[in-house]
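The values are calculated or read from the model by the stated rules, or taken from the named source; none is laboratory data. Bear in mind that the values here come from a model prediction, so they are computed numbers and not experimental data. For neighbour counting, all protein chains shown are included, and Cβ atoms are generated from backbone atoms with ideal geometry for every residue, glycine included.
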Amino acid sequence: MAVDGDLVRKRAHDVSRPRKWDQYRDGDKVPDDKRISRNAIDQAEEFYPGTAALFRSPMWRVLRGERIDRYEIDSGLRTIPGANRLLFEREAREGEQLPRMRPFDNEVTGGLLAMADFHSLAATVLMCALSEEIASPELREEALRLYAGLRIPLSEKPLFKPFFPELYSRIDAVCRHWVFLSNSQRMEVLIPSKGAMPDQSHRFTHDPAILRIHLPIPGFDEE
């Protein structure tokens with residue numbers, strides 16, 4: 001009623017109302033983000049500020065398996081609320097239009113870990129995607145270390161609890177660890193998060209370039 005109140009009609013024995021919100025809530029349908037008068041995302045944003053940033057987060061492109069280049073990743077990171085202030089310098093340098101990205105060091109990762117919210121997770125996933133694009137094992141390791149640190153605090157937040165297993169199974173599958181067998185040979189290691197959906201993580205074990213293992217690390221399945 002808050003977002004579509006004019007379409008709600010009370011009748012003698014029931015209430016006529018749009019059922020799309022039930023489908024969105026249950027995950028049976030995804031809103032169409034089109035320029036229409038009743039754009040569900042914009043409607044929800046009006047009453048619940050922050051909804052649009054969640055729905056339109058660049059993280060979802062990465063988790064859908066889309067390949068986005070480093071320039072798209074850079075643009076996406078600049079749109080992430082809160083995280084963008086940590087990831088980029090405050091002002092553009094002389095002769096440059098946009099502030100440069102800061103080194104992904106302990107100060108940046110510590111700030112993202114302190115945020116411990118959806119946006120810090122989105123930034124972490126995009127940094128994993130960036131490490132793939134620029135072939136940086138160091139960036140990959142830092143991003144995955146931050147991801148591991150975010151798991152426990154995020155799993156307890158109400159926003160994440162309903163779909164924590166599915167979300168983290170998907171991130172685990174996309175943001176895999178790297179193991180270098182030689183200077184020219186890399187293997188991807190899939191380490192499922194504790195509480196991840198088994199059927200999701202097992203789907204990727206048919207690939208000979210992927211090794212699925214369990215390690216006794218806090219935050220992971222202890223097997």
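When Leu113, Leu77 are screened for being assigned to a helix (DSSP H, G or I), crowded, with 18+ Cβ neighbours inside 10 Å and not acidic (Asp, Glu), only Leu77 passes. Only one of the numbered conditions (1) surrounded by 10 or more Cβ atoms within 10 Å (Cβ to Cβ); (2) at pLDDT below 90; (3) outside any loop (DSSP other than H, G, I, E, B) is violated by Met1, and that is (3). A search for C-beta distances below 8 Å between a residue of the stretch 10-24 that is hydroxyl-bearing (Ser, Thr, Tyr) and any residue that is surrounded by 10 or more Cβ atoms within 10 Å (Cβ to Cβ) and in a helix (DSSP H, G or I), counting only pairs 6+ apart in sequence or on different chains, returns Tyr24/Ala40.
Within the stretch 116-144, restricting attention to residues that are among the polar types (S, T, N, Q) and either closer than 29 Å to Thr51 by Cβ or under 14 Å from the mean Cα position of the chain (by Cα) (or both), the residue that is surrounded by the most Cβ atoms within 10 Å (Cβ to Cβ) is Thr124. Being within 29 Å of Phe180 (Cα to Cα) and crowded, with 16+ Cβ neighbours inside 10 Å is a condition met by at least one residue of the stretch 83-93. So is Ala40 over 27 Å from Gly110 (Cβ atoms) and among the aliphatic types (A, V, I, L, M) or not? In short, yes. Taken over the stretch 41-91, residues that are closer than 30 Å to Met1 by Cα, in contact (Cβ under 8 Å) with a residue 12 or more places away in the chain and charged (D, E, K, R) amount to 2. Can you pull out every residue in the stretch 155-176 that is within 15 Å of Ala122 (Cβ to Cβ), modelled with pLDDT of 90 or more and more than 12 Å from the chain's Cα centre (by Cα)? Residue satisfying the conditions is Lys157 alone. State which residue is surrounded by the most Cβ atoms within 10 Å (Cβ to Cβ) when the search covers only the stretch 21-63 and only residues that are in a loop (DSSP other than H, G, I, E, B) and among the aliphatic types (A, V, I, L, M). Residue satisfying both the conditions and the ranking: Val30. In summary, Ala83 fulfils each of the numbered conditions (1) in contact with a helix residue (DSSP H, G or I) (Cβ under 6 Å, 6 or more places away or on another chain); (2) farther than 30 Å from Gly111 by Cβ; (3) at pLDDT 90 or above with the single exception of condition (2).
Based on this model, can you work out whether Tyr147 counts as of a type in the set (Phe, Trp, Tyr), touching a residue at least 24 places away in the same chain (Cβ under 8 Å) and assigned to a helix (DSSP H, G or I)? Judged against the criteria, Tyr147 is a match.
Restricted to the stretch 152-180, and to residues that are touching a strand residue (DSSP E or B) at 6+ places or on another chain (Cβ under 6 Å) and part of a helix (DSSP H, G or I), which residue is farthest from Phe104 (Cα to Cα)? Ranking the qualifying residues of the stretch 152-180, first place goes to Tyr168.
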